[in-house]
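One structure is given below, encoded as structure tokens.
What follows is calculated from the coordinates using simple rules that are stated; it is not laboratory data. Everything numeric here is computed off the predicted structure, so don't read it as measured data. Every residue, glycine among them, receives a Cβ derived from its backbone with ideal geometry; neighbour counts consider all protein chains shown.
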Amino acid sequence: MKRTTIAVCLLAVLAYAGSGRWHAVYAWQTQAVVPAQATPSPSAPRNGDDWARAGDEALWADRYDEALYAYQQALRLRGGDARLYAAYGTALYWQAGQMLTPQAQEWLNQALEVDPQEVTALMLLASEAFMQADYAQAITLWKKVLESPSARVSRERVIEAIQMAQRLGQPEGAVP
């Protein structure tokens, strides 16, 4: 039994090492130790905005550690703003398997302190409230999203979400 477990683990390690993913992870990790005088590639982030975009791209590609690293670099180079705080909190949320950890909550709260209408933070918190069956809180947060002037808001989808929460939040047997 012990030999079988060792063989399976060894095969898994070899498969991972042979995959392109290992090489990508290794390359990404070693970028941080490149001497400062080395010439960066033309696509390498050069400033806080570039790092923030790199974080967004990594987040969309489900590379949460990479996204967090990029957002940290953006914070270091340009300072924080509501969008960046919300992005960092979102990356933490997804990294934790869609769990609103205290650390993720803290970053989202910080985003809302800077901008009470920060769409990403509001949408994530509303979705989390909905998933926890706190429909009243979800509706409250989605209504704040509707008040936002942001072009990123799909008002039709938000209204649909509010209506769904209203239906689910009604007591059983209540007439809509």
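So if R0 is 22 Å, what FRET efficiency would residue 157 and residue 133 give, r being the distance between their Cβ atoms, rounded to the nearest 0.05?
0.65
Mind ordering 136-149, 64-77, 82-95 by average Cβ neighbours within 10 Å, highest first? Present the calculation step by step, with values, prior to reporting the outcome.
Working: 136-149: 17.5, 64-77: 19.4, 82-95: 23.1.
Highest mean packing first, the order is 82-95, 64-77, 136-149.
Measuring from label point to label point, each 7 Å out along Cα→Cβ, what is the residue 168 to residue 117 span in nm?
Modelled inter-label distance: 2.7 nm.
How large is ³J(HN,Hα) for each residue in segment 80-89, as worked out from phi by the Karplus curve 6.51 cos²θ - 1.76 cosθ + 1.60 (θ = phi - 60°), to whole Hz, x for Gly and Pro?
Ordered by residue, 3J(HN,Hα) equals x, 8, 4, 5, 5, 4, 5, 4, 5, x Hz.
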